[in-house]
Amino acid sequence: MQTKIFTEENIEEAGEIIRNGGLVAFPTETVYGLGASAFNPDAASKIYEAKGRPSDNPLIVHISDKALIGKLALEITSRAKKLIDSFMPGPFTIILKKSDNIPDAVTAGLDTVGIRLPSNETAVRFIAAAGVPIAAPSANISGKPSPTRVDHVIQDMSGKIDGIIDGGECSVGVESTIIDASGERPVLLRPGGITLEMLREIVPETMPDEHIFKSVSADERPLCPGMKYKHYAPNAEVIVVEGEKDAVQAKIRALLKENRGRITGVLTMYGSAYDEAVILSAGDSDRSYAKKLFAALREFDALGVELVFAEFCEKDGYGAAVKNRLYKSAGNNVIHV
């Protein structure tokens, strides 16, 4: 399959591909998404094939206007409306009871649907050009680090999909916050750019799900993307070393000595203190860490690194999003010091 690269100038053509049942990757403020018409079950099924994605992993439906929520959801509760009014558009997905307009192929058979209105202007223009809501997970091979630049998408999806829209680098860098507002009390299923503290300012009774920092069991159905299967993992083995600066760096130096026979890397938030490894910086804030994480994991693979030690210490509300992605990329291989 020939994959065409689109820009702002020919975005209407990309929208036509969606209407015709094709697949187009597009930028958002979080990560690049792999889109198909949310009303076309055959097109949605192509997403799973292109990514190698398990069929019980639901997709998020992206819209260009909040008015469309009423066509996708059976009910919008007063709490859900408060959250929608506060955080849409933005890096935020709300789960509601789905209407019959959304096929089971999009929701993996669930009776709920995740809905998101991006703040990225290119994404909104593209969805509007398509003329239909767009179902989209991240535009990467399933289980690998999510794409935050167009070259990441080309690496994973070229030849597998119809088109890719080049929208530059994503500003947030981790996937959207997902809140389940389909029940009596809102539940945070996946942390992201909208933090738990921000959610509780609007709906104080919002609770975090128990699976945020661990996967659901093999016999459970995931309620949203990222809950069950291995995610965000590079080819390299990742070990998270969590704690304060001096203890973390001392532990990593000892681990580097123990692994002298391997090509090692360190993702640092405290600054370079190692001579034996490939060093990449995650910046000195959780917000910076979130933006740089996936690109750094991909770069370690490109450099042939076999084992990555990731420094981590949660500093602010964004830290939950970083921790969620880091733990999953490491398969919960975490050393606390």
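The values are calculated or read from the model by the stated rules, or taken from the named source; none is laboratory data. Worth saying up front: this structure is predicted, and the values here are computed from it rather than measured. Please note: Cβ atoms are built from the backbone with ideal geometry, for glycine as well, and neighbour counts cover all protein chains shown. Remember, those area values only see protein heavy atoms, side chains included, never the ligands or the DNA or RNA. Shrake-Rupley method; radii C 1.70, N 1.55, O 1.52, S 1.80 Å.
Here are the numbers:
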{"item": "Residue within segment 96-109 that is under 20 Å from Val187 (Cβ atoms), in contact (Cβ under 8 Å) with a residue 12 or more places away in the chain and part of a helix (DSSP H, G or I) present", "result": "yes"}
{"item": "Any chance Thr177 is of a type in the set (S, T, N, Q), open to solvent by less than 10 Å² (accessible area, probe 1.4 Å) and in contact (Cβ under 8 Å) with a residue 60 or more places away in the chain", "result": "yes"}
{"item": "Scope segment 118-132; condition open to solvent by 10 Å² or more (accessible area, probe 1.4 Å) and part of a loop (DSSP other than H, G, I, E, B); matching residues", "result": "Ser119, Asn120, Gly131, Val132"}
{"item": "Whichever residue in segment 20-55 is within 17 Å of the chain's Cα centre (by Cα) and of a type in the set (D, E, K, R) and, among such residues, is farthest from Gly168 (Cα to Cα)", "result": "Arg53"}
{"item": "Checking Leu83 against (1) closer than 19 Å to Ile179 by Cβ; (2) assigned to a helix (DSSP H, G or I); (3) at pLDDT below 95, the condition it does not meet", "result": "(3)"}
{"item": "Residue within segment 260-283 that is open to solvent by less than 50 Å² (accessible area, probe 1.4 Å), closer than 15 Å to Val174 by Cβ and either in a helix (DSSP H, G or I) or at pLDDT below 95 (or both) present", "result": "yes"}
{"item": "Hits in segment 289-337 - residues which are assigned to a helix (DSSP H, G or I), farther than 23 Å from Ser176 by Cα and open to solvent by 10 Å² or more (accessible area, probe 1.4 Å)", "result": "Asp301, Ala302"}
{"item": "Subset tally (residues that are open to solvent by less than 10 Å² (accessible area, probe 1.4 Å) and touching an Asp or Glu at 6+ places or on another chain (Cβ under 6 Å)) for segment 133-147", "result": "1"}
{"item": "Test: residue in segment 41-53 that is of a type in the set (Gly, Ala, Ser), more than 20 Å from Ser158 (Cα to Cα) and in a loop (DSSP other than H, G, I, E, B)", "result": "no"}
{"item": "Count of segment 160-201 residues which are closer than 30 Å to Asn20 by Cβ, outside any strand (DSSP E or B) and either more than 18 Å from the chain's Cα centre (by Cα) or not small (Gly, Ala, Ser) (or both)", "result": "7"}
{"item": "Answer residue from segment 133-159, given it is charged (D, E, K, R) and assigned to a helix (DSSP H, G or I) and is farthest from Val238 (Cα to Cα) among those", "result": "Asp151"}
